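For reference, the structure is listed below as structure tokens.
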Amino acid sequence: MTIKAVRKAIFPVAGLGTRFLPATKAMPKEMLTVVDKPLIQYAVEEALEAGIEQIIFVTGRNKTAIEDHFDIAYELEDTLRVRGKSLAAIEGIRMQPGSPVYIRQQEPLGLGHAVWCAREVVGDEPFAVILPDELMVGGFMRQMVEAYTSVGGNFIGALEVSPEETGKYGIISPGADDGRLVEVKALVEKPKGTAPSNLMIPGRYILQPEVMQILDAHETGAGGEIQLTDAMAQLIGRQPFHGFRFEGERYDCGDKAGYIQANLALALGREDVGPQVRRFAETLLHGTFD
Ligand code: UTP
């Protein structure tokens, strides 16, 4: 069996971000910043680092800030140049001309539907899916592409959560487990009652194109949405499915507490703001100045 390279990545960014209102009333959730960089930029950088060549954004209304973010900001650049200021902060994000693709999901009918909207651009190739509201530090996609390259098939992230949290996520029913790769025997989206494990699927996937044919049926699942998990579940048994444990840190930035944790953790690790933030946090927690 030939293992085709993963060249394309879908970024579904058409959700309404209701958990972050009012911040997301007029601004995309994916433009929320962790320290000084929007979530979507962390996600795109993760994909490019993994060797992904084409970035496919599935966007909705109110999301034009994302397109602008990856475009040239001519006036800003010109002003910085005239003032003799560095352009370093905005230079790293420019993609190859013609490379990013923007597709509109007219209605937010669910993650499965958002992925399906990219079917024509994906064509007959394996593709990655990256949910930018999950911030991964340590190169999740690079690690997953490396593992995929030797065995092929479908890959989904596998991350342990506490048993109380399983009802919020897509959950893996596991089989053979070598510590890094875990066989996926079944998947269930937001299980009610007892979950088959506490292994949730964080927002990183490498999928074979056949999943698009299943999504063609537009079947709805949990929450009345067209769920990617349900479509993947139908492929199990027909194609290999591997859960992949990543070595690094994950922050659920779709959730307020997770977002604040990401800001704190990344700020503490930075040379420019880290020492000041650390002193402030210690003062705040212990009520003393050093
Ligand atoms: P979420 O479940 O986090 O939904 O979607 P959301 O709308 O972004 O946020 P809340 O729950 O209302 O606060 C997971 C990912 O799938 C995308 C979202 O943009 C997010 O990246 N998504 C979801 C779509 O692109 N389209 C959809 O119809 C649903």
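Listed residues Glu30, Glu49, Glu53, Glu45; which is under 13 Å from the mean Cα position of the chain (by Cα) and more than 14 Å from the ligand (Cβ to nearest atom)?
Criteria check complete, one pass: Glu45.
Looking only at strands (runs of 3 or more DSSP E) that lie completely in region 105-158, which have at least 3 residues being within 15 Å of the ligand (Cβ to nearest atom) and in contact with a Leu (Cβ under 7 Å, 6 or more places away or on another chain)?
none
Hey, can you tell me all the residues within region 204-224 that are touching a strand residue (DSSP E or B) at 6+ places or on another chain (Cβ under 9 Å), of a type outside the set (A, V, I, L, M, F, W, C) and modelled with pLDDT under 95?
If the condition is that a residue be touching a strand residue (DSSP E or B) at 6+ places or on another chain (Cβ under 9 Å), of a type outside the set (A, V, I, L, M, F, W, C) and modelled with pLDDT under 95, then Gly221, Gly223 are the ones that fit.
Of the residues that make up region 239-247, is at least one within 16 Å of the ligand (Cβ to nearest atom), modelled with pLDDT of 95 or more and aromatic (Phe, Trp, Tyr)?
no
For region 191-199, check the following and say yes or no: at least one residue is under 27 Å from Ala265 (Cα atoms) and not hydrophobic (A, V, I, L, M, F, W, C).
Yes: one or more hits.
Output the qualifying pairs, or none if there are none: Cβ atoms under 7 angstrom, residues six or more apart or on different chains, first residue in region 1-28 and over 30 Å from Pro240 (Cα atoms) and among the basic types (Lys, Arg), second residue within 7 Å of the ligand (Cβ to nearest atom) and modelled with pLDDT under 95.
Arg19/Gly254
I want to confirm something. Restricting to region 87-104 and keeping residues that are hydrophobic (A, V, I, L, M, F, W, C) and part of a helix (DSSP H, G or I), which single residue is most open to solvent (accessible area, probe 1.4 Å)?
My answer is Ala89.
Give the residue, chosen from Gly138, Gly170, that is at pLDDT below 95, under 23 Å from Phe57 (Cα atoms), out of contact with any Lys or Arg (no Cβ under 7 Å at 6 or more places or on another chain) and open to solvent by less than 60 Å² (accessible area, probe 1.4 Å).
When all the criteria are applied, what remains is Gly170.
The values are calculated or read from the model by the stated rules, or taken from the named source; none is laboratory data. In this text the structure is predicted, and so the values were computed from the model without any measurement. Don't worry about glycine lacking a Cβ; one is built from the backbone with ideal geometry, like all the others, and counts go over all protein chains shown. Quick note on the areas: whole protein, heavy atoms, side chains included, nothing else; ligands and nucleic acids left out. Shrake-Rupley method; radii C 1.70, N 1.55, O 1.52, S 1.80 Å.
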